[in-house]
Amino acid sequence: MTDRILIIDFGSQVTQLIARRVREAGVYSEIVPFQKAGEVFEEFAPKGVILSGGPASVHDIGTPRAPAKIYEAGIPVLGICYGEQTMCAELGGKVEPGNEREFGRAFIEVTDTCALFSGVWNPGERHQVWMSHGDRVTAIPEGFHPVAVSNGAPFAAIANEARRFYAVQFHPEVVHTPDGAKLLSNFVHNICGCAGDWTMAAFRDQAIDQIRRQVGTGKVICGLSGGVDSAVAAVLIHEAIGDQLTCIFVDHGLMRMNEAEEVVSLFRGHYNIPLVHVDASERFIGALEGMSDPEKKRKTIGGLFIEVFEEEARKVGGAEFLAQGTLYPDVIESVSFVGGPSVTIKSHHNVGGLPERMNMKLVEPLRELFKDEVRALGRELGLPDVFVGRHPFPGPGLAIRCPGGISRDKLEILKKADAIYLDEIRKAGLYDAIWQAFAVLLPVQTVGVMGDGRTYDYVLALRAVTSVDGMTADFFHYDMDFLGRAATRIINEVKGVNRVVYDITSKPPGTIEWE
């Protein structure tokens, strides 16, 4: 069995990054809310446990704790931020409100050696980390010794080598702790003894076997959205069961230029997968016309998707299974771990979730994967890189990139401008350097002069961001020559736009979604 690491979540907004870093080290990991950690622990049989950060204060009554069995199992444990504090509180240390809070970039001084720092940090060195705490540990449990200190944390890192327990006040999982991934790799490989043999090739073989065992001789229908997730799920399932799979592609008319045609060509031509293509663009756009509230747009699109998909699924007939491109973040966010605003923030995910009345069993072969892992699996399956490497584009598509009232004319303007923008990005060789780029047609019109005439047309905003993990982002630093070329082409070639602006926005750590 593949070595596994269990991550106990106490509510940190960056807990997913811990799992990602562990998996990047070639070790399979899963996240479990602290409320369920005790029951999951024995079944999961991990080689090590990581305790995440969280918003609570350990010294308050009723705040989360790790199950005692975690500390009694004889396996390594790593506490991060709140994880360090609860570890200390549970094992006999002391945590108090801090006089000096630390949020953001900070520096620690390494004071002693330990296995967690081996080959990465040495005593006497000073290193950048990312802190996010108000409370601090003021006394450590018996058997522990301090290995690092910061201005606001006298025990910024502690270790109990005999029990293989380690804890840090900072967040090694975020990119703002430059050596954090190395520390996590030390923990899973050198301390926990994990082999690091979890690969996409191994996952592919396991997933195909699991699909065959689940489905048997039954029929499966899969809803294609045009995105990477559902496409990879469909190709994987087709490899497992062949023509027992039928894909249904509901074309709502809100995709980017030529994307619907590319989906049909890929599945019918390249893979020869049975495909039902439903052009429902008039139905969707007609329902959205004049609609300005973004939440109402999402719900309208989701409701119509369900209606159309259900109609087509009945026509296919005989299918016992429904395939979905559910990812691991979707699974995590569907559970109320500690509470917070994530349900509202994430409302545009899974807009096509299907009702129980369809009475079908779910096949979700990607539910253990993150987005970057899905892309890797897609390449393993032979999907074209131009398809697998597409920028993220949420389900509501252009409807959300057109703030204010929607009309067919405005959508057509946006579609053309967006296509030109992406074309210029590709010509400049920048597409793969950017995590997400798109155009937004603003609900603003301005007076302009074009040649000898006056115009009263729309303002178009261009956005491009870079990201390593999809949870923190910064605007892409274009040079002015590029922006000039892109803006000139859009204004010259797209009737209805007379102003182009570049949206300079950053997404700080801890923000859940990028809109």
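The values are calculated or read from the model by the stated rules, or taken from the named source; none is laboratory data. The structure presented is a predicted model; accordingly, all values stated were derived computationally and were not measured. Don't worry about glycine lacking a Cβ; one is built from the backbone with ideal geometry, like all the others, and counts go over all protein chains shown. Side chains are part of the model used for accessible areas, which takes the heavy atoms of the whole protein and leaves out ligands, DNA and RNA. Shrake-Rupley method; radii C 1.70, N 1.55, O 1.52, S 1.80 Å.
Along each principal axis, taking the top coordinate minus the bottom one, the Cα set of the range 1-94 gives 39, 27, 20 Å in descending order. Along the Cα-to-Cβ line of ASP481, 7 Å from the Cα, sits a label point; which residues in the range 410-447 have backbone N less than 15 Å from it? Within reach of a label on ASP481: 425, 427-430.
Our coupling estimate for the range 12-17, obtained by passing each phi through the Karplus curve with A = 6.51, B = -1.76, C = 1.60 and θ = phi - 60°, is 5, 6, 10, 4, 4, 5 Hz, Gly and Pro reported as x. Extension gain, ILE61 to ASN359: 0.36 nm times the residue separation minus the Cα-Cα distance gives 102.9 nm.
With the convex hull drawn around the C-alpha atoms of the range 143-274, the volume per residue stands at 187 Å³. Proximity of backbone amide H atoms, modeled 1.01 Å from N, is registered between LEU275 and CYS247 at under 5 Å, excluding neighbours fewer than 5 places apart on the same chain.
Segment LYS299..ARG314, full-extension length gain: 3.1 nm, with 0.36 nm per residue of separation and the alpha-carbon distance subtracted.
Based on C-alpha pairs under 8 angstrom that are at least 6 apart in sequence, the range 385-503 has a relative contact order of 25 percent. Taken along the Cα-to-beta-carbon direction at a fixed 7 Å, the label points for ALA139 and GLU282 span 7.7 nm. The calculated FRET efficiency for ASP474 paired with GLU261, based on their beta-carbon distance and R0 = 30 Å, is about 0.35.
Computed from label points 7 Å out along Cα-Cβ, the spacing between ARG213 and TYR71 is 3.7 nm.
Summarising the amide proton neighbourhood of GLU125: residues at separation of 5 or more, or on other chains, whose placed amide H is nearer than 5 Å comprise VAL110.
Given the Cα-Cα distance of ASN272 and ASP385 and 0.36 nm per residue of separation, how much length would full extension add, in nm?
Details: separation 113, 0.36 × 113 = 40.68 nm, distance 1.84 nm.
Here the answer is 38.8 nm.
Derived scalar couplings between HN and Hα for the range 241-248 equal 10, x, 6, 6, 9, 10, 9, 10 Hz in order, rounded to whole Hz, by the Karplus curve 6.51 cos²θ - 1.76 cosθ + 1.60 (θ = phi - 60°), x for Gly and Pro. Close amide-amide hydrogen proximity is noted between ASP135 and GLY98, each under 5 Å apart and 5 or more residues distant or on a separate chain (H modeled in the peptide plane; Pro and chain starts excluded). Excluding same-chain neighbours fewer than eight residues apart, the lysines reachable from LYS299 by a Cα-Cα span under 19 Å are LYS346. If the limit is 20 Å between Cα atoms, which of LYS296/LYS371; LYS296/LYS416; LYS297/LYS410; LYS36/LYS371; LYS36/LYS182; LYS297/LYS415 go over it? Pairs exceeding 20 Å: LYS296/LYS371; LYS296/LYS416; LYS36/LYS371; LYS36/LYS182. Packing order of peptides 216-225, 379-388, highest average first: 216-225, 379-388 (average count of other Cβ atoms within 10 Å over each peptide's residues). Other residues whose C-beta falls under 13 angstrom from the C-beta of GLU125 contribute a net charge of -2, scoring Lys and Arg +1 and Asp and Glu -1. The three principal axes of the Cα atoms in the range 14-55 give end-to-end lengths of 27, 27, 11 Å, sorted in falling order. When only alpha carbons of the range 38-179 are considered, Rg and Dmax amount to 14.3, 42 Å.
Residue-wise HN-Hα couplings along the range 204-210, as the Karplus relation 6.51 cos²θ - 1.76 cosθ + 1.60 with θ = phi - 60° gives them from phi, are 4, 4, 5, 5, 4, 5, 5 Hz; Gly and Pro carry x. A Cα-only calculation for the chain places Rg and Dmax at 25.3, 82 Å. Modelled spin-label separation between ARG101 and VAL149, with each label point placed 7 Å from Cα along the Cα-to-Cβ direction: 2.4 nm.
For the range 237-301, which whole percent of the accessible surface, found with a 1.4 angstrom probe, sits on carbon and sulfur atoms?
47 percent
For the chain, the relative contact order works out to 11 percent when only alpha carbon pairs closer than 8 Å and six or more residues apart are counted. Report the relative contact order of the range 1-113, percent, no decimals, based on alpha-carbon pairs under 8 angstrom and at least 6 residues apart. Here the relative contact order equals 26 percent. Near ASP481: Cβ cut-off under 14 Å, other residues only, Lys/Arg at +1 and Asp/Glu at -1. The net charge is +1. Using Cα centres only, tell me the gap between the range 138-187 and the range 412-490 in whole Å. The two parts, judged by their Cα centres, are 44 Å apart.
Taking K and R as +1 and D and E as -1, what net charge do the other residues with C-beta under 9 Å from the C-beta of PHE34 add up to? Before the final figure, lay out each step's value.
Details: positive: LYS36, ARG65; negative: ASP9.
Every neighbour counted, the sum reads +1.
Per-residue ellipticity at 222 nm, computed for the chain from helices alone with -39500 (n - 2.57) per DSSP H run of at least four residues, works out to -9500 deg cm²/dmol.
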